[in-house]
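Just below is one structure, and these are the notes that go with it.
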């Protein structure tokens, strides 16, 4: 009987640590680079990247995301529900500004961004052109 309980305890610990590992992954800059940034590049940077800062929002850099746009901060690290970015991507609110405007992102892409925001919206530091 003790062996069964010990086995169940180990299973519970491994399930918990596996969940923590997945959450920890989203809190690393690499998660942003590999999973979040490609979503932004494919769906957001046309209007909010490079030289384009529609609504005064640049999503291409950590500094730009921290500054936000003319409507204020777009990300509340740790709180996807209060983040304008997530609400806009869900096409929830503000209703006059769903993003992207023509078609909603996939549920999987939105979940990836929500996970990133919940883990603290960690981005690598901005790089100075010509430096690594």
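The values are calculated or read from the model by the stated rules, or taken from the named source; none is laboratory data. Computed from a predicted model, the values in this text were never measured in an experiment. FYI the Cβ positions are ideal-geometry reconstructions off the backbone, even for glycines, and counts take in every protein chain you see.
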Name the helices (runs of 4 or more DSSP H) wholly within the stretch 45-117 that hold at least 1 residues that are in contact with a strand residue (DSSP E or B) (Cβ under 9 Å, 6 or more places away or on another chain) and either surrounded by 14 or more Cβ atoms within 10 Å (Cβ to Cβ) or at pLDDT 90 or above (or both)?
45-48, 84-89
I'm trying to understand the selection: among the residues of the stretch 79-111, which are farther than 26 Å from residue 51 by Cβ and within 10 Å of the chain's Cα centre (by Cα)?
80, 110, 111
Take residue 39 and tell me if it is surrounded by 12 or more Cβ atoms within 10 Å (Cβ to Cβ), at pLDDT 95 or above, under 11 Å from the mean Cα position of the chain (by Cα) and over 15 Å from residue 117 (Cβ atoms).
no
